[in-house]
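For reference, the structure is listed below as structure tokens.
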Amino acid sequence: KKVLKAFEAEYGVEIEYTQFAGMNEAMSKVQNDTVRFDLFFPTIENLPKLVAAKKLQPLNLSYLPNLQNVWPQLRDPWYDRGARYSVPYMTWKTGIGYRRDHVDDPGALDMPFDIYWDERWRGKVNLLDEYRETIGMALIRIGVGDMNTTDEDAIRRAGEALSQLNDLVDVKVAPGDYQKIAEGQAWVTYSWSGNMNYAQYYLPEGVGPEVLGFYYPPEGGWEVSNDLIVISSQAESPVLAHHFINFLLDIENGLTNFGYEGYQPPFVGVTEAEWLKAGSIPDNLRTTIVTEQDFAKGQPILALPPEVDQIYQDVWTEFKAGI
């Protein structure tokens with residue numbers, strides 16, 4: 001909010017923003033015009049859907065000189081060649097959030113995701129309420145590896161593995177994992193790195209951030225991704241929207257934003273030490289920092305053919321019905 005207020009002061013405007021419980025809700029409301037927007041912050045697998053539905057306008061890159069602050073691989077990304085419709089906003093890794101005062105380091109396990117199937121943590125397991133990401137985690141756990149597989153048998157086997165969690169650990173699937181793990185409602189979560197950075201602000205009085213842990217394999221291979229900033233084809237203030245994007249891509253503004261939100265912009269020339277300082281990130285959470293190498297080795301969640309995506313949704317619906 002500090003960055004929003006700084007933009008409002010500089011340009012003499014007032015920003016109206018809408019928050020969503022998750023990307024599934026956001027996309028549904030954007031696609032059916034329940035909300036109208038100048039700017040929207042989708043994930044990369046949703047970009048093709050928005051373009052196909054003619055919800056976006058092409059960007060005018062002459063208004064965005066600060067795009068040069070972004071990692072080269074994301075200035076001209078594979079999912080949007082030439083940055084025609086989008087610029088990157090925040091990056092994250094998706095891994096295992098855990099309470100170090102209750103749970104051992106998941107990295108000691110042959111398959112770290114087995115921690116969610118451990119009956120010792122019954123009632124203390126929380127997964128992301130995002131069907132592609134959580135099924136993707138289960139795909140890695142059963143040995144498929146490809147979080148974007150189109151193999152129906154593999155997708156359904158992943159769903160069966162998730163359904164085991166209902167009886168084994170009484171799994172919870174809900175947003176707000178950063179608060180749940182901070183308050184001790186959960187001890188192990190499938191979580192975005194930024195959420196684990198944010199969790200420290202929800203710890204009870206007298207409990208320090210050293211109780212928090214985040215595991216992501218050093219060799220990579222799990223989900224790593226970024227969200228985007230796009231402009232509506234029906235934007236009322238498209239030039240001002242471009243100015244706001246450029247404002248967010250300023251390195252100092254990005255560092256300030258990271259300090260409040262816990263999510264890291266993909267900026268060149270910023271060291272790990274600078275990120276840790278800007279975000280007040282303790283040493284035990286340095287694994288949340290995202291690097292260009294993480295992007296080279298990790299898996300983003302990709303757009304899939306509609307008939308395959310429907311299989312994922314059906315499997316997810318069946319899993320959640322048992323919770």
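Values as computed for the structure displayed
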item	result
Whole-Hz ³J(HN,Hα) from phi, Karplus 6.51 cos²θ - 1.76 cosθ + 1.60, for the range 190-205, glycine and proline x	8, 9, 7, 4, x, 5, 5, 5, 6, 4, 4, 7, 10, 5, x, 4
Pairs of lysine residues in the chain - Cα separation under 22 Å, sequence separation of 8 or more or cross-chain	17
Chain lengthening between Lys320 and His102 when straightened (0.36 nm per residue, less Cα-Cα)	75.8 nm
Under the Karplus curve 6.51 cos²θ - 1.76 cosθ + 1.60, θ = phi - 60°, whole-Hz ³J(HN,Hα) for the range 15-30, x wherever Gly or Pro sits	9, 9, 10, 10, 9, 10, 5, x, 5, 4, 5, 4, 5, 4, 6, 6
Relative packing of 156-169, 84-97, 2-15, which averages over residues the other C-beta atoms within 10 Å, highest first	84-97, 156-169, 2-15
Of the trypsin sites (Lys or Arg not before Pro) in the range 218-299, those whose Cβ has at most 16 other Cβ within 10 Å and which sit in DSSP loop	none
Computed E for Asn60/Glu219 - FRET, C-beta separation, R0 45 angstrom, nearest 0.05	0.65
0 to 90° range, to nearest 10: angle between helix 251-261 axis and the chain longest Cα axis	40 degrees
For the range 1-133, alpha-carbon Rg and Dmax in angstrom	19.6, 56
Long-range amide H partners of Tyr89 with built H, under 5 Å	Asp227, Leu228, Ile229
Relative contact order for the chain, counting Cα pairs under 8 Å that sit 6 or more residues apart, in percent	30 percent
Folded to 0 to 90 degrees: helix 152-169 orientation relative to the chain principal axis, Cα	60 degrees
Gain on full stretching of the segment that runs from Ala296 to Ala52 - 0.36 nm per residue minus C-alpha separation	85.1 nm
The chain: antiparallel DSSP beta bridges as a percent of all, rounded to 5	80 percent
Residue-wise HN-Hα coupling along the range 303-311, computed from phi with Karplus coefficients 6.51, -1.76, 1.60 (Hz; x: Gly, Pro)	5, 10, x, x, 5, 6, 4, 5, 4
On Cα atoms only, tilt of 131-141 relative to the major axis of the chain in degrees	50 degrees
Between the range 159-194 and the range 252-292, the Cα center-to-center distance that results, in Å	25 Å
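Every read-out reported here was derived from the displayed coordinates using simple, explicitly stated rules and does not represent laboratory data. Since the model is a prediction, treat every value here as computed from it, not as a measurement. FYI the Cβ positions are ideal-geometry reconstructions off the backbone, even for glycines, and counts take in every protein chain you see.
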